[in-house]
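Chemist: Next up is a structure, given as structure tokens.
The values are calculated or read from the model by the stated rules, or taken from the named source; none is laboratory data. Not measured: the values here are computed from a predicted model. Here Cβ is always computed from backbone atoms with ideal geometry, including for glycine, and neighbour counts include all displayed protein chains.
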Amino acid sequence: MSKLKDTLYQKILDHRKRTTKLLKKSGDTVIDQVTVSQIIGGMRGIKSLVTDISYLDPYEGIRYRGYTLQEVLSKLPKAEGAEMPYVEGLYYLLLTGEMPSKEEVEELMVTFRNRRIVPRYVWDVIDSFPSESHPMAILSAAVMSLERESHFNVKYKQGLSKMDYWDSTFEDATNLIAKMPLIGAYIYNKLYQKGKGHRYPDPSMDLGANFAYMMGKDKPYDDVSRMYFIIHADHESGNVSAHTGHLVASTLSDVYYSISAMINGLAGPLHGLANQEVLRWLQGLRNQMDGKLPSEDEMKQYVWDTLNKGQVIPGYGHAVLRKTDPRYTVQREFCLKHMPEDELFKYVDALYKVVPGILREQGKAKNPWPNVDAQSGVVQWHYGITEYDFYTVLFAIGRSIGVLSNIIWDRALGYPLERPKSVTTDMLEKMVRSTKEFVNTN
Ligand code: CMX
């Protein structure tokens with residue numbers, strides 16, 4: 001057993017006792033109430049999922065296993081001369097809750113390296129897509145096509161104890177994470193470089209550096225990849241991509257079905273696709289300005305014009321966060337260091353000064369501050385990835401690391417099939433009529 005798997009197994013044994021005790025002793029304890037607006041309003045804020053991989057505080061932002069993003073970036077081991085840590089180390093941290101040593105990360109790098117090979121039929125699936133297809137649709141299909149590789153399915157058919165579900169799920173998850181960057185780079189190459197830029201992975205490189213290499217990018221794009229995959233990895237369990245992955249996996253569908261579904265959820269403009277929307281929207285402004293940097297008043301006008309057309313400002317607002325997203329801040333700091341003179345970065349910076357005030361004045365958005373997607377496309381654009389349809393693929397590679405870690409733990413703790421209850425509007429009206437508040441106010 002590898003060091004990671006061994007450590008994970010010990011953690012699972014300990015954690016099972018806590019979950020069993022909670023269920024046995026406190027199963028009927030009420031911890032939340034549900035309002036009509038929460039039911040009609042997309043279940044906002046209802047405490048109904050449990051995960052120990054990450055927690056999202058509305059004012060502080062995401063913590064992975066208790067660590068802020070800044071702590072994760074400074075404490076995880078790094079390659080010689082790198083600014084950003086190994087992505088492999090993040091997988092170790094998310095799975096075990098322990099900050100890995102460099103040796104532990106190196107062992108995991110070998111594990112990933114040995115699992116990179118993507119079967120030929122996956123390339124055929126990708127090649128069979130018309131070139132106008134969205135890269136997220138291709139990614140979803142490519143991941144789906146790998147389903148026949150699932151160890152979990154083989155074991156399940158042979159008759160697998162529930163206590164062992166996590167083991168083959170771990171094998172499937174690790175196999176998929178190792179392959180995702182290759183699949184992503186191949187899709188980029190097929191769609192935008194007509195297959196001419198394809199590079200095989202370099203066995204001496206870590207996951208982030210290898211992705212940069214396969215994309216044909218020089219330093220510091222290796223750090224951009226590492227940063228990007230790490231900051232997008234998890235955002236607790238209620239966001240659409242994480243929740244979809246968890247939901248599908250709760251039926252004991254294998255990780256390929258689950259991650260393909262996760263990718264489909266991420267592909268919506270209110271979620272992961274917002275990063276490409278930001279770029280599209282900024283390009284609109286740039287075209288309108290004939291290339292010159294807009295004044296503050298021109299910027300304000302563009303924002304108001306968008307709102308007055310009934311559209312959202314992409315990259316701003318959030319269902320949980322009530323402050324600037326720390327994932328935005330991490331990227332902003334990277335931009336300030338590496339590309340302060342970049343024209344689009346200046347646009348983003350100028351927007352940061354005007355959008356929150358306007359959204360407050362408009363009075364609809366509960367959070368007027370920028371989220372991760374407001375910055376991420378600009379960094380990619382700067383390093384030559386100007387095909388913004390591709391940005392959500394990068395988000396998906398990162399997000400799969402967190403969602404897969406969660407699925408392994410779901411299986412380890414025996415979380416059941418997810419099945420919330422729905423009611424009809426009639427029932428809802430009846431329930432409202434029978435409450436004290438209704439009687440008192442009518
Ligand atoms: N621009 C304009 N209006 C916005 C807004 C924005 N950026 N953010 C929220 N609003 C509006 C909502 O559309 C809603 O309007 P209605 O009452 O007319 O329906 C109102 O403000 C209240 O929404 P909210 O409770 O503040 O936000 P939600 O939890 O409903 O939605 C989100 C959250 C992210 C979908 C929303 O803020 C949004 O559409 N933002 C722009 C898209 C975006 O950046 N998405 C990426 C989020 C991060 C990610 O998942 O990747």
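Chemist: Testing Q362 on (1) within 11 Å of the ligand (Cβ to nearest atom); (2) assigned by TED's automatic domain parsing to the domain that holds L73, one condition comes back false. Which one is that?
Modeler: Result: Q362 fails condition (2) only.
Chemist: So which residues in the stretch 213-246 are over 27 Å from R65 (Cα atoms) and either surrounded by 22 or more Cβ atoms within 10 Å (Cβ to Cβ) or within 11 Å of the chain's Cα centre (by Cα) (or both)?
Modeler: Matches in the stretch 213-246: M214, M215.
Chemist: Can I ask one more? Quick one: would you say M163 is outside any loop (DSSP other than H, G, I, E, B) and either within 16 Å of the ligand (Cβ to nearest atom) or buried (at least 19 other Cβ atoms within 10 Å of the Cβ) (or both)?
Modeler: Against the criterion (outside any loop (DSSP other than H, G, I, E, B) and either within 16 Å of the ligand (Cβ to nearest atom) or buried (at least 19 other Cβ atoms within 10 Å of the Cβ) (or both)), M163 does not qualify.
Chemist: Answer with yes or no whether G384 is touching a Lys or Arg at 6+ places or on another chain (Cβ under 8 Å) and either of a type in the set (F, W, Y) or in contact (Cβ under 8 Å) with a residue 60 or more places away in the chain (or both).
Modeler: Yes, satisfied.
Chemist: Just to be sure I understand the filter: pairs with C-beta atoms under 9 Å, separated by 6 or more residues or on different chains, first member in the stretch 232-246 and assigned by TED's automatic domain parsing to the domain that holds R419 and of a type in the set (V, I, T), second member within 11 Å of the ligand (Cβ to nearest atom) and part of a helix (DSSP H, G or I). Which pairs pass?
Modeler: Final answer for the pair search is V240/G265; V240/L266; T244/G265; T244/L266.
Chemist: Among the candidates V423, V432, which residue alone is over 24 Å from K346 (Cβ atoms), assigned by TED's automatic domain parsing to the domain that holds H15 and part of a helix (DSSP H, G or I)?
Modeler: Being over 24 Å from K346 (Cβ atoms), assigned by TED's automatic domain parsing to the domain that holds H15 and part of a helix (DSSP H, G or I) holds for just one of V423, V432, which is V432.
Chemist: From P100, P130, grab the single residue that is buried (at least 17 other Cβ atoms within 10 Å of the Cβ) and outside any helix (DSSP H, G or I).
Modeler: P100
Chemist: Can I ask one more? Restricting the stretch 379-438 to residues that are closer than 26 Å to E132 by Cβ and aromatic (F, W, Y), which is surrounded by the fewest Cβ atoms within 10 Å (Cβ to Cβ)?
Modeler: Of everything passing the filter in the stretch 379-438, Y383 is surrounded by the fewest Cβ atoms within 10 Å (Cβ to Cβ).
Chemist: Kindly provide the set of residues from the stretch 387-415 that are hydroxyl-bearing (S, T, Y) and in a helix (DSSP H, G or I), ordered by number.
Modeler: Passing the criteria: Y388, Y391, T392, S400, S405.
Chemist: Quick check on this structure: which one of V393, V330, V355, V348 is within 15 Å of the ligand (Cβ to nearest atom), under 30 Å from K11 (Cβ atoms) and among the β-branched types (V, I, T)?
Modeler: V330 is the lone residue from the list that is within 15 Å of the ligand (Cβ to nearest atom), under 30 Å from K11 (Cβ atoms) and among the β-branched types (V, I, T).
Chemist: If only one of G42, G81 is more than 24 Å from H338 (Cα to Cα) and among the small types (G, A, S), which one is it?
Modeler: Every option except G42 fails the conditions.
Chemist: Filter the stretch 129-169 down to the residues that are β-branched (V, I, T) and touching an Asp or Glu at 6+ places or on another chain (Cβ under 9 Å) and list them by number.
Modeler: Of everything in the stretch 129-169, just one residue is β-branched (V, I, T) and touching an Asp or Glu at 6+ places or on another chain (Cβ under 9 Å), namely T169.
Yes/no matrix, rows are residues, columns are (1) more than 16 Å from the ligand (Cβ to nearest atom); (2) touching a residue at least 60 places away in the same chain (Cβ under 8 Å); (3) on the phi > 0 side of the Ramachandran plot:
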{"residue": "T29", "(1), (2), (3)": "yes, no, no"}
{"residue": "R44", "(1), (2), (3)": "no, yes, no"}
{"residue": "S54", "(1), (2), (3)": "no, yes, no"}
{"residue": "E60", "(1), (2), (3)": "yes, yes, no"}
